[in-house]
Amino acid sequence: MDERGTGQWRRMGAPACWGLGLVLLLAVLAAYKLLPGQLPHAQAMIGDAAYAQCLHDTRAAGGEGCLGFGYPRGAPRPFGLPVNLLAASLFASDGVVSPGEVRTVYAGIVGLAFVLAALLFRRVSGSRVAGVLGAGLYLLAPALQQQSSFAALQLGLALIPGYLLLDVLLLDALRAGRRGRAAALAALVAGVRVFALFLDGYSFLFAAVLSTAYLGLAVLLPRGGSRLPAVLALVTHVACTGLAAWIYARYLPGGLAVMPVDFFRGAGVDVLTMLAPMQSQSLYGALGLGLDIQPENSWGGRASLLGMFVGYSAMVSAGLLAWAIATRRARRPGLLPCAILLTGLAATLLSLGPSLKFNDFRHDHTRVSALAFSAYLMPEAAATARLHSGWIYQAVPGIRNARVLGRWQVLARLALVTVTLLALVVLWRSGKRWPAVALAAFALFEAMPDPRLVGEESRAASDRADQVYRVHGGEFARLVQPGERVLLLQMHEGASGNEFAADTFCALARAHCYNTGGDKASDAIRAAWPDEIRAAIERREVSRNVREAFGKGLVDVVVVPHFDLRLVVYPWSDDVPDAAGIAEAVDAAFGGAGLDIRAASGFTVIRACTAPGCVQ
């Protein structure tokens, strides 16, 4: 960017930059449903509040970690641990961490992400105003703001530009020969890498790929003839990434099983969703435009539909930028933009999966049946064409563990925002200011969510969080005594093994529950369970298993919920198990002598027969 163009952008002044930044930051917080009175997602907020409170209670009792659920070893936190630690340290002094207080922590992290993204995009575009605009476009992109249901994942994705910025600053310090600054930045990078991995694995992976591309290009294309600073920065990046992975492996040993190729085929992005907007994800829906595809229609579920649309503004920007470079009206992008663009291209290809899909949807599943594992397995014949890339998803570390391929599109969004900013700079520098303003406004229009849907989702999340946290959680806390060893046992047909609500109930009751929410955490704790508890959960011979658990003093109370512990946290779910069927199952398994069975509104409580009048 030449001095004339830079000066024109700078003359817009600090007031315009601050004003635009404040408006866009408020828009981002509103879109993420993090303003007072909003709530992004019931499962995320109540789950993080429960774990934060569990950390506080365990520490107050002289223990470490979270011993309130995942008994007897305690449940690990595969992702989101930094949020829980912050919430516990800031808000647990009164003994309770509420979903609203967790929302405050989320808002603070998103605010930090906005500032860091603005600084990175300023380096990309050469303008403070364009940097702020870029931060807004990136964070408002449906691929990010639609991820609120995945809690810490959204925070991690928002921080990706900030992670890259640290590596950019490290390379700058090494090139300038500022050893003290470089050492401090290297230590900061190491700490941030650990923070990033414990916050979310996807964003850790994506940031690692992005920084590797940037520093690798710096090694291949040295500035000033010396490769040493870039080599040192790349070695530091690799070492810090490896250190974070090593620490995490000590905290949570083992790893995810590699999914079959058919799973990755189903998880791949359908190209149609990249070329046309979804009605549910932008202002296009308010105009009655866009695709109307339901999550159960997609082989990859809801996650494969979140913000895949490239955007017409990005297409126009790419054309303008290519034309300007081809006609030498603009310089070729520098090292940083090139690294972002190349990474975005590679990420787009990875997001497609092992087969090319174009309008390859199905219509034989319901929202609930589509949650079954078999529903995610897409046969090769159901896709448009084979891409011969299945081996990548089976063999390459990191990539084979990133099961939701649509999330790779976040790096594509980063690249598209970069393209848009560079095109805007070209227009502004050439004197075409009104076209530049119009293009920027169009890009914001495409990024902005439908406020009606945001409001509806926030109200639904608040209502569901209230139902789970106050109604069910309050009743559970009245039925179970603090310190009791509890087994939550689902007795209805088709019960989910992912017991999300268990954490909230057990934290509010301050009980010691064998159960915990989340598939990764559940897998980690089962190894420490007694055989009788594991067999009861798997419902092998549930009557004998539970009676043996009581007889051996392994459990104080068994609680049978009258709802599914997974589906109850989803605002969209109205699936209510058959109460009469649950009562019959409880009576058939535990009726007779030896157990005291008491049914309440939302739970049936089973204890060993010790009260007077109870039949032994």
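Structure notes:
- Heavy-atom accessible surface of the chain, averaged per residue, reaches 41 Å², computed with a 1.4 Å probe.
- Tensor-based shape of the range 156-199 (alpha-carbon gyration tensor, a/c under 1.5 rounded, otherwise prolate or oblate): oblate
- Applying 1/(1 + (r/R0)^6) with r as the Cβ-Cβ distance of A16 and D172 and R0 = 25 angstrom yields a FRET efficiency of 0.40.
- Charge dipole magnitude, Cβ of K and R +1, D and E -1 - the range 31-174, Cα centre, debye nearest 20: 300
- Summing charges over neighbours of Y393, with a neighbour being any other residue whose Cβ is under 10 Å away from its Cβ, gives +3 when K and R count +1 and D and E count -1.
- In terms of Cα atoms, the Rg and Dmax of the range 128-269 work out to 17.0, 51 Å.
- Extension gain, R59 back to S369 (0.36 nm per residue minus Cα-Cα distance, nm): 107.5 nm
- Sorted peptide list for 518-531, 90-103, criterion being average Cβ within 10 angstrom, highest first: 90-103, 518-531
- Relative contact order (percent, whole number), the range 378-522, Cα cutoff 8 Å, 6+ residue spacing: 15
- Taking the square roots of 5 times each eigenvalue of the Cα gyration tensor of the range 88-184, largest first, gives ellipsoid semi-axes of 29, 20, 10 Å.
- Ordering of 272-282, 132-142 by packing is 132-142, 272-282, highest average first (other Cβ atoms within 10 Å, averaged per residue).
- Sorting 188-196, 288-296, 304-312, 491-499 by average packing, meaning the other beta carbons within 10 Å per residue, from highest down gives 304-312, 188-196, 491-499, 288-296.
- Contact order normalised by residue count of the range 1-147, Cα under 8 Å, 6+ apart, percent: 30
- The tail of the calculated P(r) for the range 468-567, taken as Cα-Cα distances beyond 20 Å, holds 33 percent of the pairs.
- Once the Cβ-Cβ distance of A583 and R123 is raised to the sixth power relative to R0 = 56 Å, the FRET efficiency obtained is 0.30.
- Orientation-averaged projection of the range 375-484 equals 14.9 nm² [convex hull of Cα atoms, one quarter of hull surface area].
- Pair-distance distribution of the range 113-168: all C-alpha pairs, bin width 5 Å, starting at 0; shares per bin in whole percent are 4, 24, 29, 23, 13, 6, 1.
- Measuring nothing but protein heavy atoms, the accessible surface of the chain at 1.4 Å probe radius is 61 percent carbon and sulfur.
- Inter-part distance where the range 494-540 and the range 129-157 are each reduced to a Cα centre, Å: 33
- Spacing of the two label points (7 Å from each Cα toward its C-beta) at R223 and R459, in nm: 5.2
- Taking Cβ atoms as reference points and 11 Å as the exclusive limit, the residues near Q147 contribute a net charge of +1, counting Lys and Arg as +1 and Asp and Glu as -1.
- Overall dimensions of the range 223-362 by Cα: Rg and Dmax, Å: 20.4, 56
- Note on I537: accessible area approximately 30 square angstrom, rounded to 10, probe 1.4 Å, nucleic acids and ligands left out.
- Residues of the range 114-152 with amide N under 11 Å of a point placed 7 Å along Cα→Cβ from V316: none
- Straight-line cross-link partners of K33 among the lysines, defined as a Cα under 28 Å from its Cα and at least 8 positions apart when in the same chain: K520.
- With R₀ fixed at 30 Å, the C-beta to C-beta distance from W572 to L85 puts the FRET efficiency at about 0.45.
- Beta bridge orientation in the chain: antiparallel %, DSSP, nearest 5: 65
- T327 paired with L345, simple spin-label distance in nm, labels 7 Å along Cα-to-beta-carbon: 2.3
- If the segment from A395 to D531 were pulled out straight at 0.36 nm per residue, it would be longer than the present Cα-Cα gap by 45.5 nm.
- Listed candidates (i) 1.22; (ii) 1.14; (iii) 1.03 - label of the one calculated as Cα Rg over 2.2 N^0.38 Å: (iii)
- Note: relative contact order over the range 223-297, using C-alpha pairs below 8 Å and six or more positions apart, is 15 percent.
- Using the rule -39500 (n - 2.57) for each DSSP H run of four or more residues, divided by the residues of the chain, the 222 nm mean residue ellipticity is -17500 deg cm²/dmol.
- From the alpha carbon centroid of the range 197-225 to that of the range 409-428 is 19 Å.
The values are calculated or read from the model by the stated rules, or taken from the named source; none is laboratory data. Computed from a prediction, not measured in an experiment: that's the story for all the values here. Neighbour counts run over all protein chains shown; Cβ positions are idealised from the backbone, glycine included. Just the protein is used for accessible areas: all its heavy atoms, side chains included, with ligands, DNA and RNA removed. Shrake-Rupley method; radii C 1.70, N 1.55, O 1.52, S 1.80 Å.
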